[in-house]
1. Just to check I understand the Karplus step: with θ = phi - 60° and J = 6.51 cos²θ - 1.76 cosθ + 1.60, what whole-Hz values come out for the stretch 154-159, glycine and proline as x?
2. Please give me the summed charge of the neighbours of Leu87: other residues whose Cβ is under 10 Å from its Cβ, Lys and Arg +1, Asp and Glu -1.
3. Would you please give the residues with an amide H less than 5 Å from that of Gly116, counting only those at least 5 places away or on a separate chain, with H modeled from the backbone geometry?
4. Lysine pairs in the stretch 12-167 8 or more apart or on different chains: how many have alpha carbons under 26 angstrom apart?
5. When a/c reaches 1.5 or more, the comparison of a/b and b/c decides; with that in mind, is the stretch 169-215 rounded, prolate or oblate per its Cα gyration tensor?
6. What is the Rg over Rh value, at two decimals, for the chain, using alpha-carbon atoms and the Kirkwood definition of Rh?
7. Count charges around Arg78 for me, please; just the other residues with Cβ under 9 Å from its Cβ, Lys/Arg as +1, Asp/Glu as -1.
8. About the Cα centre of the stretch 138-216, what is the dipole size in debye to 20, counting +1 per Lys and Arg Cβ and -1 per Asp and Glu Cβ, all else neutral?
Amino acid sequence: MNFIAAPMPANESRRQEAVERLKIKGTDQHDVMIVYSEMAQELTGFAAVAATLFDADSQYSLASCNFPGKSGDILMDRAQSICSYTLLSSEPTLIPDTVSDERTANHPAVTSGMCGSYAGFPIINKDNYALGSFCLVHPEKKKLTEEQIVLIQKLVARLAHQLDTQSEQREITSNKMQDAINEFSKVAPNASLSDFKYFISLCSDKEVSSPLLVNLINLGLCIVEDSKTSLTQKGRETQQKMGLQTQILQKMKVEGDAANNMVNDMLSQLGEI
């Protein structure tokens, strides 16, 4: 008899939209997410722990301990995942003996002896959608204590909050950049995307080679004196209108190569401003 996948949640289409809004599928989240898996493993003694998300068809990894694959990898088809049952409830799916449970007894990981016990905690966002599963697996029968369950629930709630925060910050940053583009285009309607990037770099106190600043100099936005570049009065006024004071840029974490990468990602389709 084959493993029978869990049915789809009643709110599946909206749940999928919530996952897509995160915009982290295929990205490397290991460094910021691994701490949750490591702490859960330390607290429970389970052999393997993984934080995962589900789209329409696949389960993919955020970070894991002793699971195959790396952050961003698809772990398996959704229809082949025990964790698909975790999406059906806001409460943990606790299966201390997978061999005896009809949901898991025929799963290949169980029949091969890799998964003797399973505990799955839904990763629920602020809008109450189950984005994925925080799962713990052990090759032998193993039961979590009530205290361990509460601790893991707190860990998973913190992980979900971090995902929400990342998504909100990305939206805020995107909106901020769009507002900045609009203001910059009023001052420099014929400027290029590169000019915009160079101006952002100057606003965040980054060095830019003088030959690259010709257009900004001609626009009266900056000057070069004694090999030192600074914003003019017009440049500072433009910076103010764009809402890109140095302090705000630091809060947006726009610095170094990250500034170019972020602007490239957001504006790659805009061409000329």
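1. 3J(HN,Hα) across the stretch 154-159, in whole Hz: 5, 4, 5, 4, 5, 4.
2. Working: positive: Arg15, Arg78; negative: Glu12.
Taking every other residue near Leu87 into account, the sum is +1.
3. HN-HN under 5 Å from Gly116: His138, Glu140.
4. Taking the stretch 12-167 as the scope, the lysine pair count is 12.
5. Working: a/c = 2.90, a/b = 1.41, b/c = 2.06.
It comes out oblate by the Cα gyration axes.
6. Values: Rg = 24.5 Å, Rh = 21.3 Å.
Rg divided by Rh gives 1.15.
7. Values: positive: none; negative: Asp55, Asp57, Asp77.
Net of charged neighbours comes to -3.
8. Working: 10 positive and 11 negative charges, 65 e Å.
Value, rounded to 20: 320 debye.
No value in this document is a laboratory result; all are computed from the given coordinates. The structure displayed is predicted, hence computed values, not measured ones. Here Cβ is always computed from backbone atoms with ideal geometry, including for glycine, and neighbour counts include all displayed protein chains.
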